[in-house]
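Only one structure is covered here, and it is reproduced in the block below.
The values are calculated or read from the model by the stated rules, or taken from the named source; none is laboratory data. Model, not experiment: these values are computed from the prediction. FYI the Cβ positions are ideal-geometry reconstructions off the backbone, even for glycines, and counts take in every protein chain you see. Side chains included, ligands, DNA and RNA excluded: accessible areas come from the protein's heavy atoms. Shrake-Rupley method; radii C 1.70, N 1.55, O 1.52, S 1.80 Å.
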Amino acid sequence: MTLKIIYEKEPKINVLKFERSYYDLESRFNIKNFVRQFINTAIMKAMRIISDMDDSSDIIKRRNAIVTRSLSPFGVEWHTCGSISVNNIINSIKNEMQAWNNLPELKDWMFNVEFISLSAGNNTNYYKYEVVWSVPTESYPEPQVTVSVLFYIAVNFDYPAHYPVDVTYTFEASKFVHRLDMIFQPKWLYDILDMKTMMFKSFDF
(Lines give C-alpha, C1' and ligand atoms only; values in the text may rest on other atoms or scores of the structure.)
Protein backbone atom coordinates (compact mmCIF):
# COMPACT_ATOMS: atom_id res chain seq x y z
CA MET A 1 0.00 0.00 0.00
CA THR A 2 1.50 3.23 -1.10
CA LEU A 3 0.75 6.50 0.55
CA LYS A 4 0.76 9.66 -1.56
CA ILE A 5 1.40 12.85 0.18
CA ILE A 6 -0.10 15.77 -1.72
CA TYR A 7 1.12 19.21 -0.86
CA GLU A 8 -1.64 21.68 -1.52
CA LYS A 9 -0.39 24.83 -3.11
CA GLU A 10 -1.84 28.18 -2.23
CA PRO A 11 -4.92 28.49 -4.41
CA LYS A 12 -4.61 31.10 -7.11
CA ILE A 13 -8.25 31.94 -6.76
CA ASN A 14 -7.52 33.83 -3.58
CA VAL A 15 -5.03 35.99 -5.40
CA LEU A 16 -7.57 36.60 -8.13
CA LYS A 17 -10.19 37.48 -5.56
CA PHE A 18 -7.81 39.91 -3.91
CA GLU A 19 -6.88 41.50 -7.21
CA ARG A 20 -10.56 41.74 -8.27
CA SER A 21 -11.64 43.28 -4.93
CA TYR A 22 -8.74 45.75 -5.17
CA TYR A 23 -9.84 46.92 -8.61
CA ASP A 24 -13.48 47.01 -7.49
CA LEU A 25 -12.57 49.34 -4.65
CA GLU A 26 -10.52 51.49 -6.98
CA SER A 27 -13.33 51.72 -9.56
CA ARG A 28 -15.85 52.51 -6.85
CA PHE A 29 -13.59 55.24 -5.55
CA ASN A 30 -13.29 56.69 -9.06
CA ILE A 31 -17.07 56.55 -9.58
CA LYS A 32 -17.70 58.32 -6.29
CA ASN A 33 -15.24 61.03 -7.25
CA PHE A 34 -16.88 61.38 -10.66
CA VAL A 35 -20.38 61.63 -9.18
CA ARG A 36 -19.22 64.11 -6.55
CA GLN A 37 -17.53 66.26 -9.19
CA PHE A 38 -20.56 66.02 -11.48
CA ILE A 39 -22.94 67.14 -8.72
CA ASN A 40 -20.67 70.01 -7.67
CA THR A 41 -20.42 71.21 -11.27
CA ALA A 42 -24.18 71.01 -11.76
CA ILE A 43 -24.79 72.99 -8.57
CA MET A 44 -22.28 75.66 -9.58
CA LYS A 45 -23.90 76.02 -13.03
CA ALA A 46 -27.36 76.26 -11.48
CA MET A 47 -26.19 78.95 -9.07
CA ARG A 48 -24.60 80.84 -11.96
CA ILE A 49 -27.87 80.72 -13.93
CA ILE A 50 -29.84 82.01 -10.93
CA SER A 51 -27.30 84.78 -10.43
CA ASP A 52 -27.54 85.76 -14.10
CA MET A 53 -31.34 85.87 -13.85
CA ASP A 54 -31.16 88.19 -10.85
CA ASP A 55 -28.71 90.45 -12.67
CA SER A 56 -30.86 90.83 -15.80
CA SER A 57 -32.26 94.24 -14.86
CA ASP A 58 -33.74 94.75 -18.33
CA ILE A 59 -36.21 91.92 -17.68
CA ILE A 60 -36.89 92.16 -13.96
CA LYS A 61 -36.35 95.34 -11.96
CA ARG A 62 -36.70 95.49 -8.22
CA ARG A 63 -37.47 98.92 -6.85
CA ASN A 64 -38.16 99.27 -3.15
CA ALA A 65 -39.16 95.58 -3.00
CA ILE A 66 -41.76 96.13 -5.76
CA VAL A 67 -41.13 93.93 -8.76
CA THR A 68 -41.96 95.07 -12.26
CA ARG A 69 -41.57 93.37 -15.62
CA SER A 70 -41.30 94.65 -19.16
CA LEU A 71 -44.04 92.85 -21.09
CA SER A 72 -44.09 94.57 -24.48
CA PRO A 73 -41.67 95.57 -27.24
CA PHE A 74 -42.06 99.18 -26.05
CA GLY A 75 -40.37 98.31 -22.75
CA VAL A 76 -43.25 99.48 -20.55
CA GLU A 77 -43.04 98.05 -17.04
CA TRP A 78 -45.99 96.33 -15.38
CA HIS A 79 -46.28 95.45 -11.71
CA THR A 80 -46.21 91.74 -11.00
CA CYS A 81 -48.77 89.54 -9.22
CA GLY A 82 -47.52 90.49 -5.76
CA SER A 83 -47.83 94.26 -6.14
CA ILE A 84 -50.70 94.89 -8.55
CA SER A 85 -53.45 97.42 -7.88
CA VAL A 86 -56.16 99.31 -9.77
CA ASN A 87 -54.08 102.47 -9.88
CA ASN A 88 -50.75 101.03 -10.95
CA ILE A 89 -52.50 99.10 -13.73
CA ILE A 90 -53.92 102.41 -14.97
CA ASN A 91 -50.41 103.88 -14.92
CA SER A 92 -49.01 100.95 -16.90
CA ILE A 93 -51.81 101.16 -19.47
CA LYS A 94 -51.25 104.91 -19.83
CA ASN A 95 -47.54 104.32 -20.38
CA GLU A 96 -48.32 101.64 -22.94
CA MET A 97 -50.77 103.93 -24.75
CA GLN A 98 -48.28 106.77 -24.67
CA ALA A 99 -45.85 104.49 -26.50
CA TRP A 100 -48.54 103.98 -29.16
CA ASN A 101 -49.17 107.73 -29.21
CA ASN A 102 -45.48 108.41 -29.85
CA LEU A 103 -45.68 106.61 -33.19
CA PRO A 104 -45.69 109.10 -36.10
CA GLU A 105 -49.01 107.74 -37.42
CA LEU A 106 -50.78 108.52 -34.15
CA LYS A 107 -49.22 111.84 -33.19
CA ASP A 108 -52.56 113.68 -33.66
CA TRP A 109 -54.58 111.16 -31.67
CA MET A 110 -55.63 111.44 -28.03
CA PHE A 111 -56.61 108.75 -25.53
CA ASN A 112 -58.30 108.37 -22.17
CA VAL A 113 -58.07 105.38 -19.79
CA GLU A 114 -60.90 104.34 -17.46
CA PHE A 115 -61.28 101.51 -14.98
CA ILE A 116 -64.38 99.42 -15.79
CA SER A 117 -64.64 96.50 -13.38
CA LEU A 118 -62.96 94.04 -11.04
CA SER A 119 -64.17 90.46 -10.64
CA ALA A 120 -62.77 87.39 -8.90
CA GLY A 121 -62.85 83.65 -9.47
CA ASN A 122 -60.61 80.57 -9.11
CA ASN A 123 -58.15 82.49 -6.95
CA THR A 124 -57.72 85.03 -9.77
CA ASN A 125 -58.65 88.70 -9.99
CA TYR A 126 -59.79 90.01 -13.36
CA TYR A 127 -59.39 93.73 -14.08
CA LYS A 128 -61.06 95.41 -17.05
CA TYR A 129 -60.19 98.83 -18.48
CA GLU A 130 -61.30 100.83 -21.49
CA VAL A 131 -59.05 103.08 -23.54
CA VAL A 132 -60.94 105.52 -25.77
CA TRP A 133 -58.98 106.88 -28.73
CA SER A 134 -60.02 109.85 -30.85
CA VAL A 135 -58.69 112.41 -33.31
CA PRO A 136 -59.86 115.88 -32.28
CA THR A 137 -59.78 118.61 -34.94
CA GLU A 138 -60.53 122.33 -35.04
CA SER A 139 -63.88 121.59 -36.61
CA TYR A 140 -64.70 118.90 -34.05
CA PRO A 141 -62.84 119.52 -30.78
CA GLU A 142 -65.06 116.81 -29.33
CA PRO A 143 -64.75 114.01 -31.90
CA GLN A 144 -67.95 112.41 -33.12
CA VAL A 145 -66.20 109.09 -33.69
CA THR A 146 -64.00 107.24 -31.20
CA VAL A 147 -62.26 103.88 -31.03
CA SER A 148 -62.34 101.73 -27.90
CA VAL A 149 -59.66 99.29 -26.80
CA LEU A 150 -60.55 96.98 -23.90
CA PHE A 151 -57.73 95.77 -21.65
CA TYR A 152 -58.05 92.63 -19.51
CA ILE A 153 -55.55 91.93 -16.71
CA ALA A 154 -55.63 88.57 -14.91
CA VAL A 155 -53.78 88.23 -11.60
CA ASN A 156 -53.43 84.66 -10.31
CA PHE A 157 -52.61 84.51 -6.60
CA ASP A 158 -51.31 80.94 -6.90
CA TYR A 159 -48.30 82.30 -8.79
CA PRO A 160 -45.19 83.69 -7.05
CA ALA A 161 -45.20 87.41 -6.26
CA HIS A 162 -42.62 88.13 -8.99
CA TYR A 163 -44.69 86.34 -11.67
CA PRO A 164 -45.95 88.64 -14.47
CA VAL A 165 -49.64 89.46 -14.75
CA ASP A 166 -51.51 88.28 -17.84
CA VAL A 167 -52.39 91.24 -20.08
CA THR A 168 -54.57 91.00 -23.18
CA TYR A 169 -56.61 93.51 -25.15
CA THR A 170 -59.28 93.59 -27.83
CA PHE A 171 -60.60 96.26 -30.15
CA GLU A 172 -64.29 97.08 -30.21
CA ALA A 173 -66.41 94.91 -32.49
CA SER A 174 -63.62 92.33 -32.64
CA LYS A 175 -63.14 89.08 -30.75
CA PHE A 176 -59.49 88.70 -31.72
CA VAL A 177 -57.35 88.75 -28.58
CA HIS A 178 -54.05 90.62 -28.69
CA ARG A 179 -51.17 90.19 -26.29
CA LEU A 180 -48.57 92.78 -25.34
CA ASP A 181 -45.74 90.87 -27.00
CA MET A 182 -47.49 91.33 -30.35
CA ILE A 183 -46.19 94.34 -32.25
CA PHE A 184 -48.90 96.99 -32.32
CA GLN A 185 -50.01 98.29 -35.73
CA PRO A 186 -51.59 101.80 -35.98
CA LYS A 187 -53.65 100.43 -38.86
CA TRP A 188 -55.79 98.59 -36.31
CA LEU A 189 -57.05 101.90 -34.93
CA TYR A 190 -57.43 103.52 -38.34
CA ASP A 191 -59.50 100.64 -39.73
CA ILE A 192 -62.08 100.98 -36.97
CA LEU A 193 -62.07 104.77 -37.14
CA ASP A 194 -62.65 104.75 -40.93
CA MET A 195 -65.42 102.18 -40.68
CA LYS A 196 -67.24 104.11 -37.95
CA THR A 197 -66.76 107.40 -39.79
CA MET A 198 -68.37 105.95 -42.94
CA MET A 199 -71.28 104.62 -40.90
CA PHE A 200 -71.67 107.96 -39.11
CA LYS A 201 -71.81 109.86 -42.41
CA SER A 202 -74.43 107.52 -43.79
CA PHE A 203 -76.91 108.47 -41.06
CA ASP A 204 -79.29 111.36 -41.58
CA PHE A 205 -79.88 113.43 -38.47
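Could you tell me whether any residue of the range 97-111 is outside any loop (DSSP other than H, G, I, E, B), over 22 Å from the mean Cα position of the chain (by Cα) and of a type in the set (A, V, I, L, M)? Within the range 97-111 (the criterion being outside any loop (DSSP other than H, G, I, E, B), over 22 Å from the mean Cα position of the chain (by Cα) and of a type in the set (A, V, I, L, M)), the answer is yes, since at least one residue qualifies.
Within the range 121-147, count every residue that is closer than 18 Å to Tyr169 by Cα and either open to solvent by less than 60 Å² (accessible area, probe 1.4 Å) or of a type in the set (Gly, Ala, Ser) (or both). Lay out the reasoning, then the answer.
Within the range 121-147, the subset closer than 18 Å to Tyr169 by Cα is 124-134, 146-147.
With the extra rule that they be either open to solvent by less than 60 Å² (accessible area, probe 1.4 Å) or of a type in the set (Gly, Ala, Ser) (or both), the set shrinks to 124-125, 127, 129-134, 146-147.
Going through the range 121-147 one residue at a time, the tally reaches 11.
Open to solvent by 40 Å² or more (accessible area, probe 1.4 Å) and not in a strand (DSSP E or B) - does that describe any residue in the range 151-158? Yes, the range 151-158 contains a residue that is open to solvent by 40 Å² or more (accessible area, probe 1.4 Å) and not in a strand (DSSP E or B). Do we have Ile116 as surrounded by 17 or more Cβ atoms within 10 Å (Cβ to Cβ), among the β-branched types (Val, Ile, Thr), touching a residue at least 12 places away in the same chain (Cβ under 8 Å) and farther than 23 Å from Pro186 by Cβ here? For Ile116, the condition - surrounded by 17 or more Cβ atoms within 10 Å (Cβ to Cβ), among the β-branched types (Val, Ile, Thr), touching a residue at least 12 places away in the same chain (Cβ under 8 Å) and farther than 23 Å from Pro186 by Cβ - is not met.
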